[in-house]
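In what follows, a single structure is set out as structure tokens and then discussed.
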Amino acid sequence: MKKIILLLSFFIFTSLNAEMSDKDKSKAWDCVGIYMANYFLPSGEKFEYGMKEKSISTAKVLKTYALEIGIPEKEWDEGVNKAVDKHYGSKYDKAKTEKCYSFVEALVPNGAERVKKVVQTLY
């Protein structure tokens, strides 16, 4: 009986974590790196405050979703740190940022609505 429960638990955990492929995780981390670069733009860079709000909110939604589907927080944070190091100090790239928003909206169930909700809670 214990073996059946362990086996069943393994399949449940595997199927939960399978909702985000390695390719999607890599893309999600890269997008979070872009969002964080947007949030901490170098001095002299022009931006709209709403863009910063959406970037930080989308990063939060991605982390929440990753944890919901069973990606360990330590693993998620390590991937994010590498992506932030890669993009930190970059100039704002509207095309890359919009491509990431589209990716998140497709990846995360109700992604656009979840981002809007987080943006509304920033104040």
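Tabulated values for the structure
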quantity	calculated
Violating pairs (Cα-Cα greater than 18 angstrom) within the set Lys52/Lys116; Lys25/Lys63; Lys27/Lys52; Lys52/Lys94; Lys63/Lys91; Lys25/Lys86	Lys27/Lys52; Lys63/Lys91
FRET efficiency, 1/(1 + (r/R0)^6) with R0 30 Å, evaluated for Asp22 and Gln120 via beta carbons	0.40
Length gained when the stretch Ala106-Tyr39 is fully extended (0.36 nm per residue, less Cα-Cα span)	21.9 nm
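Read the figures in this text as sums done on the coordinates, not as results from a lab. What you are looking at is a predicted structure, and each value in this text was computed from that prediction instead of being measured. Here Cβ is always computed from backbone atoms with ideal geometry, including for glycine, and neighbour counts include all displayed protein chains.
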